[in-house]
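Colleague: Before I ask anything, here is the structure I am working with.
What follows draws every value from the coordinates through simple rules; no lab data is involved. Please read all numbers here as calculations on a predicted model, not as lab measurements. Quick reminder, even Gly has a Cβ in these numbers, built from the backbone with ideal geometry, and neighbours come from all protein chains shown.
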Amino acid sequence: MTDSPSTRKGHVGSLAADGSVRAPYRPGHTLPLRVELVRQLKRRRTQVAFGLVALLPIILWIAFQLSSDDSPGTSLNLVDLAKGSGTNFAVFALFASAGFLLVVVVALFFGDTVASEASWSSLRYLLAAPVPRARLLRQKAIVAGFLSLAALLLLPIVALIVGTLAYGTGDLVSPTGESLTYGAAAGRVLLAGIYVALSLLWVAALGLLLSVVTDAPLGAVGGAVMASIVSQILDQITALEDLRNYLPTHYATAWSDLLATQIDWGDMTSGVFSSVAFAAIFFAAAAFRFQRKDVTS
């Protein structure tokens with residue numbers, strides 16, 4: 001007997017109830033990215049996260065409007081700088097959110113990937129579809145990464161729009177007194193958003209690892225956020241000296257070098273390398289643990 005092409009490739013179609021042959025099972029076609037993306041976009045936590053990120057610049061503008069302009073002294077503070085131009089306002093919004101809010105957003109999207117399926121008792125049904133474990137984890141991580149990047153870039157874009165409408169298209173003036181034209185500064189702000197996304201790769205990977213380890217989404221998200229907070233606290237302890245260079249958050253604010261006329265890429269390069277190194281370890285650990293996890297929910 002001559003084997004059919006599908007049989008020779010190892011993809012044998014199954015018989016339906018009416019005797020017809022179903023399409024062969026292809027592991028690489030399970031859980032398409034489009035399907036997973038639509039599922040995540042329909043979730044309330046995704047909509048709330050994007051809503052909060054988009055509303056933050058508006059909330060900051062309202063707070064500036066309500067604040068008194070009659071401040072004592074002649075020194076220029078950060079709020080005064082933020083009101084100087086649209087790009088200054090966007091930089092202030094990024095400074096105000098990068099250390100905590102954006103960390104929470106990334107931890108939410110990645111820490112909620114596998115743990116939420118387990119808490120809903122739907123993870124075993126996904127794997128029984130059957131979706132290969134490596135593919136399921138990869139598809140969910142790609143979608144979580146896309147949503148995180150979109151949210152992180154949404155903030156400076158909305159801040160630029162709100163700031164420009166409120167404070168105009170003047171030059172960006174840094175705290176050191178250097179200035180950049182509006183067009184150049186807008187590009188630098190977007191580059192800063194990309195750097196923040198790269199510097200939070202380790203948070204994403206840790207959130208994914210904790211999502212694999214625990215069935216509690218809140219525990220996975222909270223664990224990643226707590227790790228970031230602890231790292232930031234340790235980075236303030238000067239007694240640690242050069243040991244602080246190995247903390248994943250040590251170069252978190254290195255994107256401020258983009259505000260200078262001549263960009264110093266040294267700290268940003270170190271920050272990206274540090275984040276990618278930590279992320280590689282955590283992603284590998286997540287894949288290793290998920291392949292061996294006893295899924296009961």
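Colleague: At 7 Å along Cα-to-Cβ for each site, give me the label-to-label distance between E241 and L153 in nm.
Modeller: 4.3
Colleague: As an exercise, use a Förster radius of 35 Å and the Cβ-Cβ distance of A260 and F146 to find the FRET efficiency, rounded to the nearest 0.05.
Modeller: Efficiency computed from Cβ-Cβ geometry: 0.65.
Colleague: Full-extension gain between R45 and S270, please, as 0.36 nm times their residue separation minus the C-alpha to C-alpha distance.
Modeller: Once the chain is fully extended between R45 and S270, it gains 77.7 nm.
Colleague: What is the dipole size for region 156-297, taken about its Cα centre, with +1 at each Lys and Arg Cβ and -1 at each Asp and Glu Cβ, in debye to the nearest 20?
Modeller: About 520 debye.
Colleague: So how do L52, L41 line up by other beta-carbon neighbours within 10 Å, fewest first?
Modeller: L41, L52
Colleague: Please report E178, E117 as a ranked list, fewest other C-beta atoms within 10 angstrom at the top and most at the bottom.
Modeller: Arranged by neighbour count, lowest to highest, E178, E117 become E178, E117.
Colleague: Rg and Dmax in Å for region 198-261, alpha carbons only: what are they?
Modeller: Just the Cα atoms of region 198-261 yield Rg and Dmax of 14.1, 48 Å.
Colleague: Expressed in nm to one decimal, what extension gain is obtained for the pair A277 and L66 from 0.36 nm per residue of sequence separation less their Cα-Cα distance?
Modeller: That pair, A277 and L66, stretches by 71.6 nm at full extension.
Colleague: Would you be so kind as to identify which of V225, L137, A166 lies farthest towards the positive end of the dipole of region 119-276, taking Lys and Arg as +1 and Asp and Glu as -1 on Cβ and the Cα centre as origin?
Modeller: L137
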